[in-house]
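S.K.: Could you have a look at this structure, given as structure tokens, before my questions?
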Amino acid sequence: MPTVSVKRDLLFRALGRKYTDEEFDELCFEFGLELDEITSEKDIISREQGDQKAEGASDVILYKIDVPANRYDLLCLEGLVRGLQVFKQKMEAPRYRRVSAESGEPQRLIITEETAGVRPHAVAAVLRNITFTQNRYESFIELQEKLHQNVCRKRTLVAIGTHDLDTISGPFTFTAKAPDDIRFTPLNQSQEYTATQLMSLYKTDSHLRHYLHIIEDEPLYPIIYDSNGIVLSMPPIINGDHSKISVNTKNVFIECTATDLTKAKIVLDMIVTMFSEYCAEPFTVEEAEVVYPDGRMVTYPELAYRTETLSADYINRRVGISESADSVAQLLTRMCLKSEVVGDDGQILVEIPPTRSDVIHACDIMEDAAMAYGFNNITMTTPRTYTIANQLPLNKLTELLRMDLAAAGFTEALTFALCSQEDIADKLGKKITETRAVHISNPKTAEFQVARTTLLPGLLKTLAANRKMPLPLKLFEISDVVLKDETTDVGARNNRRLCAVYYNKSPGFEVIHGLLDRVMQLLEVRPGRKRGYYIQAAEDSSFFPGRCAEIYAHEKVVGRLGVLHPDVINGFELTMPCSALDIDLEHFL
């Protein structure tokens, strides 16, 4: 969940009243938010860097509020205040309008076909005659950063650029060029750089270095020029210094370049709806035209309103309340979803504004109705379908065995479910094709290439990491392995197994054999050839020749035990003998 920091006094001034901390915490809860922390800039610096660094820092009280990840309209003070005021019925949800340019000629952004391979989409709009204060300006910048981290997925899907329109002139061109052919003065710099030099410059920048990977391997970099050849931005990295906005900016040109057009529309709508209230004509946004390489011309922002129809009965049944259609419509209106009853059968027409991109299905509308009604006000009832939960037999068996294996002197380990191909094949003296392993299609590291087919490598790695501990080392793990299985829908299945190892100066086969006897005793399987269990000599490349046995239970092979092969021990960087036990537990259910 994103966390929004707002100045307490500024928030209360915008809300038109003061709250105690407890009262505001309760208000947040009612609205579906959470007041996470009450702090100050000074407290934050003091906590993270020490009291000396905090000297001189602001001690203005900050509220840190946790916001649901899909509520992009609450990521700034303006949206938060607007939502709370509508919720408290102190104002009506505003109507956002797209207006034509006063000059009659809209700003135009032309996309060239060179962008197709790197960042093919763009949208644009203008906030005309806006009035910034220092607090409004900071909130404007902060909203962009919150959107970049959230819906924009760290600028990979969308990158936002905001520019002082009075310092540039349209039409604007969004194109892509070779890095050495791009040259401009970036934001807050005093000299020009080529794009190649910029990528080197920002490799050590704590903020921008996280975005370099998005385009640095591309042959062409995206770039936006105005009609005079002035660079507005090189998305998604940095804006140009020439068009930077300030507190004194009156007209803001907003462009969003993207790999996902839908997300770009959402982001543009969020920015203009949040800050259009500061325009000379509140809640109006000047349109801009985007020209695509194929000649298509589209006007943005869309600011699209849409309607959904659902019944009051649907909401009542799913929430567990019994409100009239008029009452339900009022509840939804308090959540910025303007609603009215249509017809005599309890149907409600809900208007979804451009700020509520999170409303996709009737369930989302129903959730808002429940929130406005108040979760604490919903009467607790016994479900019509009465069921009693019960632990899965496999998990119950697992928990019981864990307790008794620990009582037997073995220490439990929990290892990664993914491992390298070497771990389950080469190091165990097997071929990867024989392992029935499920492979990861795009592994991030060599350590996580396949899903484990045996628990043994994880335990041996744990032994290697704890070689300095006093001997003997006795470890066990009861977890799932993953095996290919063409009979299942997904082509693989989980298999619950028990694995134990004994590591000491001597192999300790008798210790592992004794553990097997204890496990079988717990599983109520008696020694014997027919209905019991027994072991029989076998050959396995992971074990020392002549020191390996298969475990039979109910006349089926359920596992192996023995002394590990020296090559296996060396492969996992161990230096002493080790014996191991591996059993399939699902056979005993």
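The values are calculated or read from the model by the stated rules, or taken from the named source; none is laboratory data. Keep in mind the model is a prediction, meaning the values are calculated, not measured. Every residue, glycine as well, gets a Cβ built from its backbone with ideal geometry; the counts of neighbours run over all protein chains shown. For accessibility, only protein heavy atoms count, side chains too; no ligands or nucleic acids. Shrake-Rupley method; radii C 1.70, N 1.55, O 1.52, S 1.80 Å.
S.K.: Taking 7 Å along the Cα-to-C-beta vector as the label spot, tell me the Lys530-Phe283 distance in nanometres, rounded to one decimal.
M.R.: Taking the two extended label points, one gets 8.6 nm.
S.K.: Follow-up. Give me a comma-separated list of calculated 3J(HN,Hα) values for segment 178-195, in order, Karplus coefficients 6.51, -1.76, 1.60 applied at θ = phi - 60°, integers in Hz, x for any Gly or Pro.
M.R.: 5, x, 6, 8, 9, 9, 6, 8, x, 3, 6, 10, 10, 9, 7, 9, 7, 4
S.K.: Given H placed 1.01 Å from N in the peptide plane, which residues other than close sequence neighbours of Ala538 have an amide H under 5 Å from its amide H?
M.R.: Here the answer is Cys548, Ala549, Glu550, since their amide H atoms fall under 5 Å of that of Ala538.
S.K.: Under a crude label model (7 Å from the Cα following the beta-carbon direction), how far is Tyr292 from Asn390 in nanometres?
M.R.: 5.8 nm
S.K.: How would you order 399-406, 315-322 from highest to lowest mean count of nearby Cβ atoms within 10 Å?
M.R.: Going from most to least packed, we get 315-322, 399-406.
S.K.: Along the Cα-to-Cβ line of Asp345, 7 Å from the Cα, sits a label point; which residues in segment 311-326 have backbone N less than 16 Å from it?
M.R.: 311-315, 325
S.K.: Lys and Arg at +1, Asp and Glu at -1: add these up for the other residues within a Cβ distance under 13 Å of Arg97 and post the number.
M.R.: After counting each charged neighbour, the total is -3.
S.K.: Next up: Applying 1/(1 + (r/R0)^6) with R0 = 51 Å to the Cβ-Cβ distance of Ile38 and Leu522, what FRET efficiency is obtained, to the nearest 0.05?
M.R.: Efficiency at R0 = 51 Å is approximately 0.45.
S.K.: Here's a follow-up. Give me the distance in nm between label points sitting 7 Å out from Cα along the Cα-to-Cβ direction at Arg209 and Asp313, one decimal.
M.R.: 6.3 nm
S.K.: Follow-up question, since we're still on this one. Quick one: order Arg493, Arg95 from most to least accessible surface, probe 1.4 Å.
M.R.: Of Arg493, Arg95, the descending order of accessible area is Arg95, Arg493.
S.K.: Can you compute the FRET efficiency between Ile141 and His513 using 1/(1 + (r/R0)^6), with r the Cβ-Cβ distance and R0 = 56 Å? Round to the nearest 0.05.
M.R.: E between Ile141 and His513, to the nearest 0.05, is 0.25.
S.K.: Pull out the extension gain between Thr411 and Ala465, defined as 0.36 nm times the separation in residues minus the alpha carbon to alpha carbon distance; nm, one decimal.
M.R.: Working it through step by step, the gained length comes to 18.0 nm.
S.K.: For the chain, which whole percent of the accessible surface, found with a 1.4 angstrom probe, sits on carbon and sulfur atoms?
M.R.: Roughly 48 percent, rounded to a whole number.
S.K.: So, taking all protein chains as they sit and a 1.4 Å probe, how much accessible area belongs to Ile360, in Å² rounded to tens?
M.R.: 130 Å²
S.K.: Please name whichever of Gln391, Ser311, Ser5 sits farthest to the positive end of the charge dipole of the chain, dipole taken about the Cα centre and charges placed at Cβ: Lys and Arg +1, Asp and Glu -1.
M.R.: It is Gln391.
S.K.: Given that just one value was derived from the coordinates, which of (1) 24.9; (2) 29.5; (3) 25.8 is Kirkwood radius over Cα pairs in Å?
M.R.: The listed entry that was calculated here is (2).
S.K.: Continuing with the same structure: For segment 473-589, with only Lys/Arg (+1) and Asp/Glu (-1) charged at the beta-carbon, what is the dipole magnitude about the Cα centre, in debye rounded to 20?
M.R.: 480 debye
S.K.: What figure, in Å² to the nearest 10, do you get for the accessible area of Tyr96 with a 1.4 Å probe and non-protein molecules left out?
M.R.: So the heavy atoms of Tyr96 present about 20 Å² to solvent.
S.K.: Toward the positive end of the charge dipole of the chain, about the Cα centre and with charges on Cβ (Lys, Arg +1; Asp, Glu -1), which of Ile182, Leu337, Pro470 goes farthest?
M.R.: Checking the options against the dipole of the chain, the answer is Pro470.
S.K.: Is the C-alpha gyration tensor of segment 293-422 telling us rounded, prolate or oblate? Criteria: a/c under 1.5 is rounded; beyond that, a/b larger than b/c is prolate, otherwise oblate.
M.R.: Judged from the Cα gyration tensor, segment 293-422 comes out oblate (a/c at least 1.5, b/c at or above a/b).
S.K.: Here is a further query. Provide the gained length on full extension for the span Asp9 to Lys444, in nm with one decimal, where the gain is 0.36 nm per separating residue minus the Cα-Cα distance.
M.R.: Net length gain for the segment: 152.0 nm.
S.K.: Where does each of Glu255, Glu138 land when they are ordered by accessible area, with a 1.4 Å probe and the largest first?
M.R.: Result of the area sort, largest leading: Glu138, Glu255.
S.K.: Sticking with this structure for a sec: Could you work out how much longer the chain between Thr382 and Gln191 gets when fully extended? Use 0.36 nm per residue separation minus the Cα distance between them, nm to one decimal.
M.R.: The span from Thr382 to Gln191 would gain 61.7 nm if fully extended.
S.K.: Assign unit charges at the C-beta atoms only (+1 for Lys and Arg, -1 for Asp and Glu), then state the dipole size of the chain relative to its Cα centre in Debye, rounded to the nearest 20.
M.R.: 1860 debye
S.K.: Please state the relative contact order of the chain as a whole percent: Cα pairs under 8 Å, 6+ residues apart?
M.R.: 11 percent
S.K.: With every protein chain in place, what's the accessible area of Thr259 (1.4 Å probe, Å², nearest 10)?
M.R.: 60 Å²
S.K.: Put +1 on the Cβ of every Lys and Arg and -1 on every Asp and Glu Cβ in the chain; which of Tyr202, Gly346, Gln107 then has its Cα farthest towards the positive end of the dipole?
M.R.: Tyr202
S.K.: Hey, got the dipole for segment 465-542? About the Cα centre, +1 on K and R Cβ, -1 on D and E Cβ, debye to the nearest 20?
M.R.: Roughly 360 debye, rounded to the nearest 20.
S.K.: Given a Förster radius of 45 Å and the C-beta distance between Ser169 and Asp66 as r, what FRET efficiency does 1/(1 + (r/R0)^6) yield to the nearest 0.05?
M.R.: Efficiency, from the Cβ-Cβ distance: 0.55.
S.K.: Follow-up. When only the heavy atoms of the protein chains count and the probe is 1.4 Å, how do Ser311, Ser103 rank by accessible area, highest first?
M.R.: Accessible-area ranking of Ser311, Ser103, largest first: Ser103, Ser311.
S.K.: Once both axes come from the Cα atoms, what is the angle between helix 325-334 and the longest principal axis of the chain, in degrees from 0 to 90, rounded to 10?
M.R.: Approximately 80 degrees, to the nearest 10.
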